[in-house]
Amino acid sequence: MKVLVLGGDGYLGWPTALHLSDRGHEVAVLDSGVRRGYDVELGVESLVPIRSLEERVAAWAEVSGTRIPVHHTDLLDADAVQQVLADLRPDAVVHYAEQRSAPYSMLDRAHAVHTQHNNVIGTLNLLYAIGAVDPDIHLVKLGTLGEYGTPDIDIEEGWLTVEHNGRSDRMLFPKRPGSFYHLSKVHDSHNIEFACRAWDLRATDLNQGVVYGHHTEQTARDERLATRFDYDAVFGTVLNRFTVQAVLGEPLTVYGSGRQTRGVIDIRDTVECIRLAVENPADRGEFRVFNQLTESFSVAELARLVAGTHPGGAEVVHLDNPRVEADEHHYRVVSTGLPALGLQPHLLADTLLDSLFDLVRRHTGRVDRSALLPTVQWRLPAHATAPAAEPPGL
Ligand code: USQ
C-alpha cells in the first residue's frame with residue numbers, strides 16, 4: 001500500500017515509517033520539523049543523538065535499498081497538505097503530527113493555545129484535504145488513552161451504548177481528559193467522527209497508552225536510524241525517565257502516591273499496531289476506535305520494577321504531584337480490536353530493561369540533570385487563585 005506518515009521525524013513516526021517500509025509498503029514521510037524546535041526552545045536534547053531527517057532517509061536507503069521521500073510541510077498550511085495528498089494519492093495517512101506533551105501544553109496560556117491550534121486545526125486541514133483529494137484515503141490517527149481520563153466505569157473501545165429514560169443509543173465514550181494536550185485529541189476525535197458521518201470518510205482512532213522503549217527491529221540495524229529518547233520532565237515519559245534516573249543514581253520521581261494507573265505499550269508493538277490498522281482499513285463512513293495498550297501498571301509499580309531490576313537498585317521519591325489527576329481510581333480498559341487483528345504483545349516483564357539501562361549508560365554524558373525535575377504546574381499560580389483584594393476605600 002502507499003502510506004504517508006505525518007510527523008515522520010518523531011519518536012514514533014520515524015520507526016513507524018521504517019516498519020511499514022520494511023514490510024513492503026511504499027512509504028513517504030511529512031514533517032514540519034517543529035519537534036526539534038521544541039528541544040531548542042526548552043534547551044534539552046534527546047538522550048540518544050539523532051540524525052537529521054535527510055541523513056536518516058539516506059541511511060535507510062543504504063540499509064534497505066528503499067528511499068523514503070520527505071515532505072517538509074506543516075499541517076497548518078492547508079494548501080500545501082492538499083497538494084502533497086494530490087501528488088501522492090496514498091491509500092492511508094498515518095497521523096502523528098501533533099504536539100504530544102501534556103506538560104508542554106500546561107506551561108502557560110501561549111503553550112495551551114499553540115497545542116490546541118497546532119493539533120486541532122492541523123487535523124481539520126487534513127480532513128478537508130482528504131475530502132477534496134480522495135475520501136477513500138484511510139486516516140489512521142494517533143489519539144490517546146488519556147482522552148478518557150479515569151472514569152469510575154470500565155473504558156470501552158471508543159463507543160458506549162447508553163440507556164436513558166427507556167431509550168438506548170450508541171455514543172462516543174464520554175471523555176474527561178487531564179490536560180489541554182489531551183483535550184486537543186478529544187476535539188480531534190469529535191471532528192474526525194463527524195467527518196466520517198458527514199462525508200463518508202474512513203478513519204481509525206488509536207487511543208494509545210504511554211509508550212516505552214527505544215529500539216525496533218528496523219532502527220536497531222544502524223545507529224544512524226536511531227529514534228529519539230526523551231528523559232526531560234516535559235517530553236520524557238514515565239518509564240523511560242525512570243530508567244535514566246536509575247542509571248544516573250538520581251531518585252525515581254513518582255508524582256503523588258504513585259497509585260495512578262496507566263495503560264502502557266512497547267514501542268515495537270506501537271509500530272505493529274499501525275501496520276495492522278493500515279492493512280485492515282476501516283469501512284467507508286466508519287469511525288473505528290482501538291485502545292492501543294498491552295498492559296496497565298500503577299506508576300509506583302513501574303518505579304518498583306525499575307528499582308528492582310537496576311543492578312545498583314534505585315531510590316524512589318514521592319513528589320507533590322504537579323498534575324491534577326486522580327490518585328486512586330478504577331482502571332479497566334477494553335482492548336480487543338488490535339489483538340483480533342493479530343497483535344502479539346511484548347510484555348514488560350519479558351522486556352530486557354537491561355538493554356535500556358545499557359542504552360542510557362552509553363549516553364549519560366548527554367544528560368542535563370536539571371531537566372529531570374518537574375517544573376510545570378497544572379494548578380493556577382497562587383496569585384491567580386487567591387480572592388481578589390478589595391480595592392482600598394471600599
Ligand atoms: N509520572 C510520574 N513521574 C514522572 C513522570 C510521570 O509519576 O517522572 C506520572 C504522571 O503523573 C502520570 C503518568 O506518570 O500519572 C504518566 O505520565 P507521562 O508523562 O509518562 O505520560 P503522559 O503525560 O500521560 O503523556 C504520554 C505521552 C502522550 C500520550 C500519553 C498516553 O507524552 O503523548 O498521549 O502518554 S496516556 O497517558 O495514556 O494518556
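Residues with beta-carbon under 10 Å from that of Tyr181, excluding Tyr181: net charge, scoring Lys, Arg +1 and Asp, Glu -1?
That sum, taken over residues with Cβ under 10 Å, equals +1.
If Lys and Arg each add +1 and Asp and Glu each add -1, what is the summed charge of the other residues whose beta carbon sits under 12 Å from the beta carbon of Pro151?
Once positives and negatives cancel, what remains is -1.
To the nearest 0.05, how large is the calculated FRET efficiency for Gln344 and His72 if R₀ is 25 Å and r is the Cβ-Cβ distance?
Efficiency, rounded to the nearest 0.05: 0.10.
What Kirkwood Rh does the chain have if only Cα atoms enter the pairwise 1/r average? Answer in Å. Present the calculation step by step, with values, prior to reporting the outcome.
On the way: mean 1/r = 0.0459 Å⁻¹.
Answer for the chain: a Kirkwood hydrodynamic radius of 21.8 Å.
If you average over every viewing direction, what projected area does the convex hull of the Cα atoms of region 104-193 give, in nm²?
For region 104-193, the mean projected area of the Cα convex hull comes to 7.5 nm².
If I take R0 = 45 Å and measure r between the Cβ atoms of Glu223 and Gln83 in this structure, what FRET efficiency does the formula 1/(1 + (r/R0)^6) give, to the nearest 0.05?
0.85
To the nearest 0.05, what FRET efficiency results for Glu41 and Arg369 with a Förster distance of 25 Å applied to their C-beta separation? Walk me through the numbers on the way to the answer.
Details: r = 20 Å, r/R0 = 0.78.
Approximately 0.80, to the nearest 0.05.
Once all Cα-Cα distances of region 144-188 are split into 10 Å bins that start at 0, what whole-number percent is in each one?
P(r) over region 144-188, rounded to whole percents: 28, 48, 21, 3.
For Lys185, which lysines qualify as cross-link partners when the Cα separation must be under 21 Å and same-chain residues fewer than eight apart are set aside?
Lys141, Lys175
Taking every DSSP beta bridge with both residues inside the chain, roughly what % is antiparallel (nearest 5)?
Roughly 20 percent of the DSSP beta bridges within the chain come out antiparallel.
For the chain, what does the relative contact order come out to in percent, with C-alpha contacts under 8 Å and a separation of six or more?
It comes to 19 percent, rounded to a whole number.
At what distance in nm do the modelled label points of Asp283 and Asp354 sit from each other, each positioned 7 Å from its Cα along Cα→Cβ?
5.0 nm
Under 37 °C and 0.692 mPa s, how fast does region 193-269 diffuse according to Stokes-Einstein, given a Kirkwood radius computed over C-alpha pairs? Answer in µm²/s, whole number.
Working: Rh = 15.4 Å.
Result for D is 213 µm²/s.
Could you work out the relative contact order of region 252-332, using alpha carbon pairs under 8 angstrom and six or more residues apart, expressed as a whole percent? Don't skip to the end; give the middle numbers.
On the way: 83 pairs, mean separation 45.6, N = 81.
In percent, rounded to a whole number, it is 56.
For Asp200 and Asp152 in the same chain, what is the full-extension length gain: residue separation times 0.36 nm, less their Cα-Cα distance, in nm?
13.9 nm
Hey, rough spin-label estimate for Val113 and Met1, points 7 angstrom out along Cα→Cβ, what's it come to in nanometres?
Between Val113 and Met1, the simple spin-label model gives 3.9 nm.
Computed over the Cα atoms of region 270-323, what is the convex hull's projected area averaged over all directions, in nm²?
Taking the Cα atoms of region 270-323, their convex hull projects to 6.6 nm² on average.
How far is it, in nm, from the label point at Val324 to the one at Val63 when both lie 7 Å from their Cα along the line to the Cβ?
About 4.4 nm, to one decimal.
Taking 8 Å as the Cα distance limit and 6 or more residues as the minimum spacing, I'd like the relative contact order of region 143-255 as a percentage.
Computed value for region 143-255: 21 percent relative contact order.
Net charge near Leu127: determine it from the other residues with C-beta under 13 Å of the C-beta of Leu127, scoring Lys and Arg +1 and Asp and Glu -1.
With Lys, Arg at +1 and Asp, Glu at -1, the neighbours total -2.
Every number here is computed from the coordinates shown, using simple stated rules; none is lab data. Predicted model, so just to flag it, every value in this text is computed and none were measured. All Cβ positions, even for glycine, are placed from backbone atoms using ideal geometry, and neighbour counts span all protein chains on display.
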